[in-house]
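Shown next, in structure tokens, is the structure this report addresses.
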Amino acid sequence: MRVGVAYYPEHWDEAYWELDAKKMQEIGVSIVRLAEFSWSRMEPEEDVFTFDWLDRAIDIMFRHGIEIVLGTPTSAPPNWFMEKYPDAYILDDRLQPRYEGIRGHRCVNSPSLAKRSVVIVEQMAQRYAVHPAIIGWQIDNEFELSLCNCPNCEREFREWAFKKFDSLEVLNNAWGTVVWSGEYSNWSQLHTPRGGKRQLNPAFQLDYHRFQNQSLAAYQQLQIEILRRHCPGKFVTHNMWEDPLAIDYYKLFEPLDFAGTDYYIASNPEQLPTSAYNGAYYLDQARGLKQQNFWIMETNSGFGNSCWGPARRTMPPGFLRAVMWQCISRGADVVMNYLWRGSMSGSEQLSSGIMGHANQPSTRRLVEYTQICGEINRLSDSLDGTTLNNDIEIFYSHEIHRALQIQPQIKDGLNYDKIQKFYHTAFNNLGVGTDVIHWNSNKLNSYKLIVAPYLFLMNHEMVYRLEGFVSAGGTLVLTNRSGIKDMNNNVSPTLAPGLLANIAGLTVEEWDAIGQDGQHQVMSRNGRIYKITDWADIIAPTSASPIAWYNNDYFAGRAAVTVNNLGKGKVYYIGANFELDYLIELFGQIVDDLKITRIPNLPNGVHASIRRKATKFYLFLINFTDERKTIVLEHACYSLFDGPIPMGPLNLPPFGVEILCEGTE
């Protein structure tokens, strides 16, 4: 367990560097991330390299016992590059260039970008390959899909489509281009999705998304090969952005040593992890990318105003500590804060740093941060080597995510990212751990319960795998809008849930996009009434048994939720979007039936997770509210902070953290 920060020596007079390194060492920061936005400082003119400043910064950090993660600077190409190589500009859907001035302003399919990226990364790798301070590399910064429409992308997309389909006849059939007279008779007619119309062929749009994902992975691979060649023994990772981007991060992280993620949550109540926002979901997703522990490459150091949005509430006392321990509780082995020193200029100049802008020696934030660093460093020996071992898997698919963005099912509803977090929240409130795993994972049988919201796209291979999982004794939860389309993003010619109908034991006779009117209700098998929104599948069971029924409208009395016995397992089908209370009721029953470990009677707003090592386990309890919460301990425990704790009530102050284990340390 270690603590680090993002640091930008190029922003500051060199007189600060020694002072900052000394302060970092003093409070327990042991890693800094450098250089990911400094291409113009390292190469001010083409093939003119000036690394002397970076050499001095690295050496200062090293003298103070601080190790370095170097970032490749390819997210922010310098002005001389963009002027000389205009083919690197991203063209929007109206073929207008996105001009420089903000990072990420480059097309990853640009040959010029590839050429100059190889040069700068090669220069860095050769120079710092054997420097003892360098422990690893971060490639680029927060990759995103540009969905560019430049000539390079158009050419590469045609080649990608030709390799996939081999002929226009196959392509036309797969995409259903006969609709609206969209058939191609020559490859030259195939363009990128220009014009920005949502009504463009959805199969075509999804394949363009797949192409851009592969382009991103190929661009990353250029850098990976250079770093692996010159820097053996040094790790290589990337920092994904936690906001809902439909990127194939699973493929992106496949060749990397571990997943890195940036994790920002706000202190305003509607975005606390206790809400549907549920920041914990992203941490579980980061762990699921490679199904192992991960690093936080950036997380909050404070709040302020920046180019990314208006001013927000500052962190209340304890919130920073809660966030950093939450990251560790969900599988982070290193937590790095953004940023050490608040910038004085540029777009993010009002973003808060640990040190703030006035270089105050003892701000509340710095005092709290010093406490956190001390705790993490002190407990490192106990927590090193621990991992999470959960019995519940939530499916995630970037392709389904994108397909539902291409064709929103209803206004302001059926948002894939929100429904994922909402289901995750139900388990979080139950005090049970979940993994967020790519739906093509080959480890299905290592879980007792798989929850698969909105399996919008479906194929025979996935049905076969799910059927095998359930037949062998697993429990599967399906929802509305499942089995609607094939993998080409075309509607299946069968009643929903399409290929999943047999294992679900039902068909969807009719559906109603009920929206947010708040008038629709469902009665559960215990007689309680729950509100539903967005969607209502009117279910016709074949072998499934109803366990909840609609309570009003013309489909009153019809099945809303069912369970189907299949082999040794069960398949639940949730036909509507419920309020959280019903999901907690249903999932609580399923979890208890499967004898899955959970923390009972967890107060609302308290997060619980367990890290294990051999026979030892550590229970993390984090209060993400501004109120005191009480947990009743059923037996005496040992607190890593306070020592022995007796059986009975345990009080957690606002944003309080506790780490418990059996016995003593």
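The values are calculated or read from the model by the stated rules, or taken from the named source; none is laboratory data. Please read these numbers as outputs of a predicted model, since none were measured by experiment. Note that we place each Cβ from the backbone using ideal geometry, even for glycine, and neighbour counts take in every protein chain shown.
Residues in the stretch 147-191 that are among the aliphatic types (A, V, I, L, M), under 29 Å from Ser112 (Cβ atoms) and assigned to a helix (DSSP H, G or I): how many?
Of all residues in the stretch 147-191, those among the aliphatic types (A, V, I, L, M) come to 147, 161, 168, 170-171, 174, 178-179, 190.
Narrowing the set further to residues that are under 29 Å from Ser112 (Cβ atoms) leaves 147, 161, 190.
Checking the rest, the ones that are also assigned to a helix (DSSP H, G or I) come to 161.
So the count comes out to 1.
Take the stretch 598-622 and flag every residue that is among the aromatic types (Phe, Trp, Tyr) and surrounded by 18 or more Cβ atoms within 10 Å (Cβ to Cβ).
Here is the first cut: in the stretch 598-622, the ones among the aromatic types (Phe, Trp, Tyr) are 617-618, 620.
Across the stretch 598-622, the qualifying residues are Tyr618, Phe620.
Specify which of the listed residues (Arg116, Arg106) is touching a helix residue (DSSP H, G or I) at 6+ places or on another chain (Cβ under 7 Å) and at pLDDT below 95.
Working: Arg116 fails: at pLDDT below 95.
Residue meeting the stated conditions: Arg106.
Could you give every pair whose Cβ atoms fall below 8 Å, whose first residue belongs to the stretch 486-514 and is closer than 25 Å to Leu206 by Cα and modelled with pLDDT of 95 or more, and whose second residue is assigned to a strand (DSSP E or B) and polar (S, T, N, Q), counting only separations of at least 6 or pairs across chains?
Listed by first residue and then by second, the contacts come to Leu495/Thr507; Ala496/Thr507; Pro497/Thr507; Ala501/Thr507.
For the stretch 503-533, what are the residues that are outside any strand (DSSP E or B) and surrounded by fewer than 17 Cβ atoms within 10 Å (Cβ to Cβ)?
Looking only at the stretch 503-533, we keep the residues that are outside any strand (DSSP E or B), and these are 503-505, 516-520, 525-528.
Answer for the stretch 503-533, where residues must be outside any strand (DSSP E or B) and surrounded by fewer than 17 Cβ atoms within 10 Å (Cβ to Cβ): Gln516, Asp517, Gly518, Gln519, Arg525, Asn526, Gly527, Arg528.
Tell me the residue from Trp241, Trp180, Trp175 that is over 21 Å from Asn152 (Cα atoms), aromatic (Phe, Trp, Tyr) and without any contact (Cβ under 8 Å) to a residue 40 or more places away in the chain, please. It would help to see each step written out before you state the result.
Working: Trp241 fails: without any contact (Cβ under 8 Å) to a residue 40 or more places away in the chain; Trp175 fails: without any contact (Cβ under 8 Å) to a residue 40 or more places away in the chain.
The unique qualifying residue is Trp180.
Would you mind finding the one in Tyr454, Tyr530, Tyr554 that is at pLDDT below 95 and aromatic (Phe, Trp, Tyr)? First the steps, then the outcome.
Working: Tyr454 fails: at pLDDT below 95; Tyr530 fails: at pLDDT below 95.
That would be Tyr554, the only listed residue that is at pLDDT below 95 and aromatic (Phe, Trp, Tyr).
Can you pull out the residues in the stretch 543-571 that are assigned to a strand (DSSP E or B) and under 19 Å from Gly527 (Cβ atoms)?
We begin by selecting, within the stretch 543-571, every residue assigned to a strand (DSSP E or B); these are 545-550, 559-566, 569-571.
Selection gives Ser545, Pro546, Ile547, Ala548, Trp549, Tyr550, Ala559, Ala560, Val561, Thr562, Val563.
What is the number of the single condition among (1) acidic (Asp, Glu); (2) touching a helix residue (DSSP H, G or I) at 6+ places or on another chain (Cβ under 8 Å); (3) closer than 24 Å to Val108 by Cα that Glu154 does not meet?
(2) is the only condition that Glu154 fails.
Kindly provide the set of residues from the stretch 23-50 that are out of contact with any His (no Cβ under 6 Å at 6 or more places or on another chain) and either over 26 Å from Gly260 (Cα atoms) or surrounded by fewer than 16 Cβ atoms within 10 Å (Cβ to Cβ) (or both), ordered by number. Outline the logic, then answer.
Going through the stretch 23-50, the residues out of contact with any His (no Cβ under 6 Å at 6 or more places or on another chain) turn out to be 23-24, 26-50.
Across the stretch 23-50, the qualifying residues are Glu26, Glu43, Pro44, Glu45, Glu46, Asp47, Val48, Phe49, Thr50.
Quick grid of which residues meet (1) in a helix (DSSP H, G or I); (2) farther than 14 Å from Ala125 by Cα; (3) among the basic types (Lys, Arg):
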| residue | (1), (2), (3) |
| --- | --- |
| Val32 | no, yes, no |
| Ser40 | yes, yes, no |
| Thr50 | no, yes, no |
| Leu54 | yes, no, no |
| Met61 | yes, yes, no |
| Gly65 | no, yes, no |
| Val69 | no, no, no |
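Give me the pairs, please: first residue somewhere in the stretch 1-26 and closer than 14 Å to Leu54 by Cα, second residue anywhere and among the polar types (S, T, N, Q) and surrounded by 15 or more Cβ atoms within 10 Å (Cβ to Cβ), beta-carbon distance under 7 Å, and either six or more positions apart or on two chains.
Close Cβ pairs satisfying both conditions: Glu10/Ser38; His11/Ser343.
Being within 22 Å of Asn604 (Cα to Cα) and either free of Cβ contacts under 8 Å to residues at least 12 places away in the same chain or surrounded by fewer than 22 Cβ atoms within 10 Å (Cβ to Cβ) (or both) narrows it down to one residue among Thr425, Thr434; which is it? Let's see the steps before the verdict.
Working: Thr434 fails: either free of Cβ contacts under 8 Å to residues at least 12 places away in the same chain or surrounded by fewer than 22 Cβ atoms within 10 Å (Cβ to Cβ) (or both).
Answer to the check: Thr425.
Against the definition (under 24 Å from Pro317 (Cβ atoms), in contact with a Ser or Thr (Cβ under 6 Å, 6 or more places away or on another chain) and either surrounded by 23 or more Cβ atoms within 10 Å (Cβ to Cβ) or without any contact (Cβ under 8 Å) to a residue 24 or more places away in the chain (or both)), how does Ile394 come out, yes or no? Full working, then the answer.
Values: under 24 Å from Pro317 (Cβ atoms): no; in contact with a Ser or Thr (Cβ under 6 Å, 6 or more places away or on another chain): yes; either surrounded by 23 or more Cβ atoms within 10 Å (Cβ to Cβ) or without any contact (Cβ under 8 Å) to a residue 24 or more places away in the chain (or both): yes.
Against the criterion (under 24 Å from Pro317 (Cβ atoms), in contact with a Ser or Thr (Cβ under 6 Å, 6 or more places away or on another chain) and either surrounded by 23 or more Cβ atoms within 10 Å (Cβ to Cβ) or without any contact (Cβ under 8 Å) to a residue 24 or more places away in the chain (or both)), Ile394 does not qualify.
Check the stretch 188-211 and report whether any residue there is touching a residue at least 40 places away in the same chain (Cβ under 8 Å) and among the aliphatic types (A, V, I, L, M).
yes
Can you tell me which residue within the stretch 82-140, out of those that are of a type in the set (Phe, Trp, Tyr) and in contact with a Phe, Trp or Tyr (Cβ under 9 Å, 6 or more places away or on another chain), is surrounded by the fewest Cβ atoms within 10 Å (Cβ to Cβ)? Explain how you work it out, then say what you get.
Step one: list which residues in the stretch 82-140 are of a type in the set (Phe, Trp, Tyr), which gives 85, 89, 99, 128, 137.
Still in the running and in contact with a Phe, Trp or Tyr (Cβ under 9 Å, 6 or more places away or on another chain): 89, 99, 128, 137.
On the way: Tyr89: 20, Tyr99: 10, Tyr128: 21, Trp137: 29.
Residue satisfying both the conditions and the ranking: Tyr99.
Only one residue in Val561, Val571 is without any contact (Cβ under 8 Å) to a residue 40 or more places away in the chain, crowded, with 21+ Cβ neighbours inside 10 Å and assigned by TED's automatic domain parsing to the domain that holds Asn415. Which one? Steps first, answer last, please.
Values: Val571 fails: without any contact (Cβ under 8 Å) to a residue 40 or more places away in the chain.
So the residue among Val561, Val571 that is without any contact (Cβ under 8 Å) to a residue 40 or more places away in the chain, crowded, with 21+ Cβ neighbours inside 10 Å and assigned by TED's automatic domain parsing to the domain that holds Asn415 is Val561.
Do you know which of the residues in the stretch 472-502 that are hydroxyl-bearing (Ser, Thr, Tyr) and under 20 Å from Pro408 (Cα atoms) is surrounded by the fewest Cβ atoms within 10 Å (Cβ to Cβ)? Spell out the reasoning first.
Filtering the stretch 472-502 down to residues hydroxyl-bearing (Ser, Thr, Tyr) leaves 475, 479, 482, 492, 494.
Pick out the ones that are also under 20 Å from Pro408 (Cα atoms) and you get 479, 482, 492.
Values: Thr479: 22, Ser482: 25, Ser492: 15.
Per the criteria, the residue is Ser492.
Before we move on, is Ala358 surrounded by 15 or more Cβ atoms within 10 Å (Cβ to Cβ), of a type in the set (Gly, Ala, Ser) and farther than 29 Å from Val606 by Cβ?
Working: surrounded by 15 or more Cβ atoms within 10 Å (Cβ to Cβ): no; of a type in the set (Gly, Ala, Ser): yes; farther than 29 Å from Val606 by Cβ: yes.
So Ala358 does not fit the description; no.
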